[in-house]
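The values are calculated or read from the model by the stated rules, or taken from the named source; none is laboratory data. Being a predicted model, the structure only gives us computed values, none of them experimental. Note that each Cβ is placed from the backbone with ideal geometry, even for glycine, and that neighbours are counted across all protein chains shown. The accessibility values were calculated without ligands, DNA or RNA, using every heavy atom of the protein model including side chains. Shrake-Rupley method; radii C 1.70, N 1.55, O 1.52, S 1.80 Å.
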Amino acid sequence: ELHARASDWFEQHGERSEAIGQALAAGDVERAADLVELAIPAIRRSRQEATLRGWLEALPPELVRVRPVLSIGLVGVLMASGDLERVEGPLRDAERWLETTTGSGKGGDAESAAMVIVDDEEYRRLPGTIEMYRAALAQVHGDTLGTVRHARRALELSPDDDHLGRAAAAGFLGLACWTSGDLEAAHSAYAACMAGLRQAGHDSDVLGSTIAMADIRLAQGRLTEATRTYEQALRLVSEQIGPVLVGTADMHIGMSQIACERNDLPAATRHLRHAQALGEQLGLRPHRYRWPVAMARIRQLEGDPDGALDLLDEAEHRYDGSDFFPNARPIPAMRARVLMARGNVAEALAWARDRGLSADDDLSYLHEFEHITLARVLLARYAEEQSAGSIHDATRLLERLLPAAEAGGRTGSVIEILVLQALADHTRGTRPGALTALHRTVRLAEPEGYIRVFVDAGPPIGPLLTAAAKQGTAPSYVRWIQAALGGTDHHSHPNQALIEPLSEREREVLRLLATHLPGPDIARELVVSLNTMRTHTRNIYAKLGVNSRQDAVRQARQLDLL
């Protein structure tokens, strides 16, 4: 009786979690079930799935089965923990209750009279929620058409004010587009998803969408936009009052990966250490494998391939696919790349054989990274054995991969493919073709500050870059790549070596700061107010680490920003 009274007291004082614990201690499972059902929206917002799972598993299963809102709550926590084998049971329980109700909602016959509903709002959203979880299961099983069908049905069934349900449906439409390689459509769907999550107050889920949107931008070769996506999310985190949002650690992992692409190893390491300090409890589920993947890349760049391989093994052990993201960069393919860098070409070839990869495979976005890796393996085999078949297969595969990546707007892949084509043409003695490919890839890579894609090609790319620069191909940018090839610099292309790259408008202001125009004239030239021009100037000073116009211009000249 004391526990029951305590449960009432905690409920009256707005402490529902304590009220549930006391109700369970009192043995009043009906009251506990009522309170759990009412607590689900808040628990979902704060990503406390483990707490909800503990409550649901403390209730008798037959009690959960007659409460469709609780059944769907159980589906959610099982999905979040990757326990997909147990999802079908409670999902069917919820579906059966909907089938027994009349068009007006609850009741209608003897069977539906046994159903218990406490939270009418959650029950109203149930049809769309069920379709959303069906979309999730279809995505897990690789059924892209099923994902689209259920996600669209979820949008049709979700009320206009169900921001969370509609956001989730948009997210699964984004996943389907992403999986099929339609990256721009995927990004648009995720933008709609993120807007809905913000309206629903699900800030941690906003961070989860941030990972997806940044990954998509990376595949499109848009490093600057990916950086901006993460930075906006970190600003959201900094504006929060109270505990640090779950998912904050993942933002730093993403920033680390971008810094690696730009060859800024100190920044990459700093972000990963920050993520590690925040701890796994502040990471979303992908954190479990994304952190060791990112650290493996750093270990490889530090010249520790064995350490990189150990971390990739750990990541593969942790990967379970429950984040629903398409596995576009499989960990075994990353492992094959490290093996090649270590000189273990035979082991890398064994990976390709085990995967059944060949130059004649049907091409798809999900296997693009593997096929590019295969092209690398074939080039490495030719360098080792002088096998004519290897260079022929590598060239043929790259010639097929390039138009596919271009058609899909996957500029990240296009840049890497062109680098490999340049190497292949150089190897075959086709220097004009090599320089043509290199010119194209430099033109694509320079605005985003790619460095590692060239450095990873190894010493043979050096003379080609020198020849390209002599022909007028981005000589300043090429000097930065050459410095990284020689190991004399660990930072990125000048425009990206800053903590935060200058925006296009800030670059316009910087160019005018290098003239003799006074501030009011610069503002008139840009058709902005003087206050706006001053704000841009302050941002430029902060990004360049200077305190005056003269120092800003001097620093900009040193970094080739003008």
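Please give the calculated 222 nm ellipticity per residue for the chain, where each DSSP H segment of at least 4 residues contributes -39500 (n - 2.57) and the sum is spread over every residue; nearest 500 deg cm²/dmol?
Working: 32 runs with 405 residues, N = 562.
Taken over the chain, the calculation gives -22500 deg cm²/dmol.
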Cut-off 15 Å between beta-carbons: net charge of the residues surrounding Ala195, Lys and Arg +1, Asp and Glu -1: -3
Per-residue ³J(HN,Hα) for the stretch 457-470, Karplus 6.51 cos²θ - 1.76 cosθ + 1.60, θ = phi - 60°, Hz, x for Gly and Pro: 6, x, x, x, 6, x, x, 5, 5, 4, 5, 5, 5, 5
Surface share of carbon and sulfur [accessible, 1.4 angstrom probe, percent] for the chain: 50
Between the stretch 194-250 and the stretch 294-354, the alpha-carbon center distance in angstrom: 26
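Report, in debye and to the nearest 20, how large the dipole of the chain comes out about its Cα centre when Lys and Arg carry +1 and Asp and Glu carry -1 on their Cβ. Walk me through the intermediate numbers first.
On the way: 62 positive and 77 negative charges, 503 e Å.
Rounded to the nearest 20 debye, it is 2420 debye.
Would you mind calculating the gained length between Trp9 and Glu399 on full extension (0.36 nm times residue separation, minus the Cα-Cα distance), in nm to one decimal? Don't skip to the answer; put the middle values down first.
Numbers: separation 390, 0.36 × 390 = 140.40 nm, distance 7.14 nm.
Result: 133.3 nm gained on full extension.
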Most positive-pole-ward Cα, Ala191, Gly208, Gly254, against dipole of the stretch 189-294 from beta carbon charges: Gly254
Point-to-point label distance, Asp456-Leu562, nm (Cα→Cβ direction, 7 Å offset): 3.6
Karplus (6.51, -1.76, 1.60) ³J(HN,Hα), θ = phi - 60°, over the stretch 289-300, in Hz, Gly and Pro reported as x: 10, 5, 5, x, 4, 5, 5, 4, 4, 5, 4, 5
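What FRET efficiency would be calculated for the residue pair Val528, Ala467, taking the C-beta separation as r and a Förster radius of 56 Å, to the nearest 0.05? The partial results should precede the final answer.
On the way: r = 43 Å, r/R0 = 0.77.
With a Förster radius of 56 Å, E is 0.85.
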Degrees, to the nearest 10: 388-407 long Cα axis against longest axis of the chain: 60
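In debye, nearest 20: dipole of the stretch 118-271 around its Cα centre with unit charges on the Cβ of K, R (+) and D, E (-)? It would help to have the intermediate numbers written out before the result.
Values: 14 positive and 21 negative charges, 81 e Å.
It works out to roughly 380 debye.
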Top positive-direction residue, dipole computed over the chain with Cβ charges, set His163, Thr436, Asn263: Thr436
Nearest-10 value in Å² for the accessible area of Met115, using the 1.4 Å probe: 20
From the coordinates shown, P(r) over Cα pairs in 20 Å bins from 0, in percent corresponds to which of [x] 19, 46, 28, 8, 0; [y] 18, 44, 33, 6, 0; [z] 21, 56, 22, 1, 0: [x]
Lys/Arg +1, Asp/Glu -1 at C-beta; the chain dipole; positive extreme among Thr129, Trp9, His426: His426
Glu156 versus Asp143: modelled label distance in nm, points set 7 Å from Cα along the beta carbon direction: 1.6
Thr430/Asp362 FRET efficiency (R0 25 Å; Cβ-Cβ; nearest 0.05): 0.35
Charge dipole magnitude, Cβ of K and R +1, D and E -1 - the stretch 298-423, Cα centre, debye nearest 20: 260
Helix 29-45 vs. the chain, principal-axis angle (Cα, 0 to 90°, nearest 10): 20
Tensor-based shape of the stretch 331-464 (alpha-carbon gyration tensor, a/c under 1.5 rounded, otherwise prolate or oblate): rounded
³J(HN,Hα) computed for each position of the stretch 80-89 - Karplus, 6.51 cos²θ - 1.76 cosθ + 1.60, integer Hz, glycine/proline x: 5, 8, x, 8, 6, 5, 9, 6, 4, x
Theoretical FRET efficiency, 1/(1+(r/R0)^6), r = Cβ-Cβ of Arg443 and Ala185, R0 25 Å, to 0.05: 0.45
Cα→Cβ-extended label distance, 7 Å offset, between Thr100 and Glu85, nm: 2.9
C-alpha long axis of helix 331-341 to longest principal axis of the chain, angle in °: 20
